[in-house]
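Single-structure report; data block below.
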Amino acid sequence: ELYAGACVGGSTVVNDALCWPTPAEVTEQWVREHGLASFGDAAYAELVATVLAEIGAAPTDLAHTNKNARALERGAQRLGWAGQSMARNVRDCANLGLCNLGCPTGAKQSSLLTWVPRAERAGARVIASARVTRIEADSGKVRAVVAESLDPATGAPNGTLRVETPRVILAAGVLETPALLLASALGANAGIGLQFHSSVYVAARFADPVRAFYGPTRSYAITEFSEVNGRRGPGLMLENVAALPLSTASSLPGFGSALAGPMESLPFLARAVVVLRDRTRGRLELDGDRRTQITYPFERGDLDRARTGMIALARAHLASGAEQVFLPVNDLAPVTTESELDALESRALSTRDTSLIYAVHLFGGAVMGSDPTTSCCDEAGRVRGVKGLWVSDASAL
């Protein structure tokens with residue numbers, strides 16, 4: 001499953017507020033593999049630092065570290081694994097645990113509270129109840145943006161909107177920006193190079209209440225298995241994550257009474273997520289009815305690394321004192337000892353076996369690069385072959 005925000009402010013309104021500066025290993029790869037020389041300059045790092053400062057990104061302090069995060073940290077420390085507090089773009093967090101539902105106090109410094117008001121003060125006009133359907137261009141130049149106006153109550157189209165303009169910046173997200181380019185017949189190589197941070201959840205039941213539905217939804221990460229920031233692991237992060245009722249139920253294995261048992265223990269559940277840096281590359285296309293079709297042939301190695309992460313999270317929670325660990329494998333009994341993890345270690349796992357594989361970190365589809373035969377945009381985000389058209393979102397990465 002793939003998730004993306006669909007509101008003014010985009011995914012930043014409903015994300016976990018985590019802020020990671022681009023690791024040097026990643027920018028080096030961009031330079032080496034895609035010819036994006038400017039991303040290797042100190043100027044890029046300075047721009048990232050400026051943005052992080054403006055949105056108030058800072059490591060999560062003890063007052064905003066809940067029992068869920070502490071359980072994961074305790075397990076990592078007992079196993080001797082590297083870990084750290086994660087930076088979040090918040091100010092005066094009230095520890096409500098509602099980051100993924102839209103912060104009700106305005107503590108999270110999402111685009112809705114930062115960049116959108118800043119743009120409006122500079123004269124921008126936000127038209128929220130509209131859906132762009134195509135970009136018009138003529139003789140290699142942008143001419144207009146065409147959209148459907150939508151009924152705010154029902155979302156049904158109720159008219160057409162056309163904005164004539166010589167400059168368009170696309171920031172519709174990975175699920176929409178390349179689709180819009182394809183629908184407009186603009187941008188060579190649009191739709192290629194999709195990459196995700198695929199994720200799976202692990203839950204653990206403790207004897208004492210954890211109440212993982214309160215506090216920051218994420219704040220601590222085990223970095224032992226990452227392949228960036230100087231580490232040489234298999235390329236995954238292990239992060240605590242909130243145990244909200246709906247998201248917890250959707251990711252636990254089993255159905256009926258098998259699911260009811262752990263859900264009845266919700267206040268006692270700690271929860272964490274494996275975040276992969278996928279090797280898989282996919283493609284976005286439009287079918288005959290202009291509906292988006294995504295092909296993402298999950299590589300065997302990515303699934304093996306997901307299993308490595310599941311086992312590591314189980315070990316961390318057992319070391320932390322968990323009585324049971326619920327792994328996201330449909331017919332696997334709850335784990336109570338490390339030796340019981342051997343069954344998962346030796347198993348030929350498939351995507352059908354998992355209760356949920358999802359991604360919220362989506363990249364590609366309108367990728368930047370120096371080679372016009374393999375990229376859609378140059379390193380400034382300009383769409384090749386169309387004057388006045390830029391891509392300015394994760395589609396370019």
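The values are calculated or read from the model by the stated rules, or taken from the named source; none is laboratory data. Everything numeric in this text was worked out from a predicted model, so none of it was measured. A quick note on method: Cβ atoms are made from the backbone with ideal geometry, for glycine too, and the neighbour counts reach across all protein chains shown. The protein model used for the area step is the full one, side chains on, heavy atoms only, and it has no ligands, DNA or RNA in it. Shrake-Rupley method; radii C 1.70, N 1.55, O 1.52, S 1.80 Å.
Kindly list the residues of segment 379-397 that lie in the label zone of Ala188, defined by a backbone N under 12 Å from the point 7 Å along the Cα-to-C-beta vector. What the label zone holds, given the 12 Å backbone N cut-off, is 384-386. For the chain, DSSP calls about 90 percent of its internal beta bridges antiparallel.
Bridging of Lys387 to lysines at a Cα separation below 28 Å is possible for Lys141, once same-chain residues fewer than 8 apart are set aside.
Scanning residues 5 or more positions from Leu362 or on other chains, none has an amide H under 5 Å from its amide H, with H placed 1.01 Å from N in the peptide plane. Available extension along the chain between Ser139 and Gln29 is 36.1 nm, counting 0.36 nm per residue and deducting the alpha carbon span. Each principal axis of the Cα cloud of segment 195-240 was taken in turn, and the coordinate range along them, longest first, works out to 36, 22, 18 Å. In this structure Leu170 has an accessible area near 10 Å², from a 1.4 Å probe over the protein heavy atoms.
Going 7 Å from the Cα of Thr351 in the Cα-to-Cβ direction, what parts of segment 174-201 have a backbone nitrogen less than 12 Å from that spot? Once the point is set 7 Å along Cα→Cβ of Thr351, 196, 198-199 turn out to lie under 12 Å by backbone N, inside segment 174-201. Sorted on the mean count of surrounding Cβ atoms within 10 Å across their residues, most packed first, peptides 152-165, 367-380 read 367-380, 152-165. The share of accessible area on the chain that comes from carbon and sulfur is 53 percent, using a 1.4 angstrom probe.
Listed by chain and number, the lysines whose alpha-carbon sits under 25 Å from that of Lys67, ignoring those within fewer than 8 places in the same chain, are Lys108. Counting charges near Val126 (Lys, Arg +1; Asp, Glu -1) among other residues having Cβ under 15 Å from its Cβ returns a value of +3. In a fully extended conformation the segment linking Glu323 and Arg131 would gain 64.2 nm over its present Cα-Cα distance, using 0.36 nm per residue. For segment 74-130, a crude dipole built from +1 on the beta carbon of Lys and Arg and -1 on the beta carbon of Asp and Glu, taken about the Cα centre, is about 120 debye to the nearest 20. Counting only Cβ charges, +1 for Lys and Arg and -1 for Asp and Glu, the dipole size of the chain around its Cα centre is about 560 debye.
For segment 54-172, a crude dipole built from +1 on the beta carbon of Lys and Arg and -1 on the beta carbon of Asp and Glu, taken about the Cα centre, is about 280 debye to the nearest 20. According to the Kirkwood relation over distinct C-alpha pairs, the hydrodynamic radius of segment 41-91 is 12.8 Å. For the chain, the Cα gyration tensor yields ellipsoid semi-axes of 38, 23, 22 Å (square root of five times each eigenvalue, largest first, whole Å). Summary value for segment 34-163: 14 percent relative contact order, contacts being C-alpha pairs under 8 angstrom separated by 6+ residues.
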